[in-house]
1. Any idea which of (1) at negative phi; (2) away from ligand 1 (no atom under 13 Å from the Cβ); (3) small (Gly, Ala, Ser); (4) without any contact (Cβ under 8 Å) to a residue 60 or more places away in the chain is the one Gly80 doesn't satisfy?
2. Scan region 97-108 for residues that are closer than 17 Å to Leu134 by Cα and either surrounded by fewer than 16 Cβ atoms within 10 Å (Cβ to Cβ) or of a type in the set (Val, Ile, Thr) (or both) and report the count.
3. Would you be able to tell me the number of residues in region 16-56 that are away from ligand 2 (no atom under 13 Å from the Cβ), modelled with pLDDT of 95 or more, of a type outside the set (Val, Ile, Thr) and part of a strand (DSSP E or B)?
4. If I filter region 118-133 for residues that are part of a helix (DSSP H, G or I), more than 16 Å from ligand 2 (Cβ to nearest atom) and not acidic (Asp, Glu), do I get at least one hit?
5. Hey, does region 179-199 have a residue that's over 23 Å from Leu22 (Cα atoms), among the charged types (D, E, K, R) and modelled with pLDDT of 90 or more?
6. Just checking, does region 171-194 include any residue being surrounded by 14 or more Cβ atoms within 10 Å (Cβ to Cβ), more than 16 Å from ligand 2 (Cβ to nearest atom) and farther than 20 Å from Met79 by Cα?
7. Any residue that is of a type in the set (D, E, K, R) and within 13 Å of ligand 1 (Cβ to nearest atom) - is there at least one of those in region 48-69?
8. Examine region 30-47 for a residue that is of a type outside the set (D, E, K, R), within 18 Å of Pro74 (Cα to Cα), more than 9 Å from ligand 1 (Cβ to nearest atom) and touching a residue at least 12 places away in the same chain (Cβ under 8 Å), and state whether such a residue exists.
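The values are calculated or read from the model by the stated rules, or taken from the named source; none is laboratory data. Here the structure is a predicted model, which means the values were calculated and not measured. Neighbour counts run over all protein chains shown; Cβ positions are idealised from the backbone, glycine included.
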Amino acid sequence: MIQVRHVTKFYGKVKALQDVSLQVTTPEPVVILGPSGSGKSTLLRLIAGLEVPDAGEIRINGGLVSRPGWVLPPHLRNMGFVFQAPALWPHMTVEGNITFGMDGVSQDRLRGRLRELLDDFDLHGLGKRYPDELSGGEARRVAIARCLAPEPRYLLMDEPLTNLDRERKWRALERIAVAVRETGAFLVYVTHDPEEARKLSRRVIFLDSGRIVEAAPGKESPLP
Ligand SMILES: Nc1ncnc2c1ncn2[C@@H]1O[C@H](COP(=O)(O)OP(=O)(O)OP(=O)(O)O)[C@@H](O)[C@H]1O
Ligand SMILES: [Mg+2]
């Protein structure tokens, strides 16, 4: 469970988020939808522990992970993250990137999982390439595979399907949805595309100018 309570975030004088509350209580994806600059990435980065809130708090599974002046570091949150820019490790191949977070997994399992993910995200033949040898869309798909590989409890994805053609986009979205269903992970998914939002979930939260303006009725309601 993820609880965001009355969170406000400034960058200097820019108020990026204002009194935002939401909770993710069941493993059905929650989509954050909103125009450019509305605070979507800021909200995700706060949940990931990459930003410190100026007011409010964030709890994961009931435990406090963020408050003004203190955050539990991202690597201690059991979260997988797809950043808005793919941010692959430049010195590692595609295979190295995908298996990076899979510590303690047997070689057999690791190879099996890698094959599965290369297949799911249409990356066959690219395993030995380095990130600077990939197209924008391929790098995206590697970033998604890398995020899913260790089967984290929580998944945060920031416009992960940018740069994909329609067919690949819907296929990748389907693979993400299946992975979430199979593992029971909690997914918070950012997009500015209403069609993508609708396809993934009925639990859509709208952000505008740093505020939640509407949550789909009866689906995901902001905390009081
Ligand atoms: N590091 C930063 N320093 C200063 N201002 C920032 C910083 N990051 C974001 N902002 C500002 O905070 C606001 C929210 O930005 P954010 O990146 O969260 O928006 P977004 O909804 O993700 O937009 P997009 O759809 O373009 O990715 C914007 O006004 C942005 O200019
Ligand atoms: Mg963004």
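1. (4) is the only condition that Gly80 fails.
2. Number satisfying all stated conditions: 1.
3. Adding up the residues that qualify gives 5.
4. Among the residues of region 118-133, at least one is part of a helix (DSSP H, G or I), more than 16 Å from ligand 2 (Cβ to nearest atom) and not acidic (Asp, Glu), which makes the answer yes.
5. yes
6. Yes.
7. Yes.
8. Checking region 30-47: at least one residue is of a type outside the set (D, E, K, R), within 18 Å of Pro74 (Cα to Cα), more than 9 Å from ligand 1 (Cβ to nearest atom) and touching a residue at least 12 places away in the same chain (Cβ under 8 Å).
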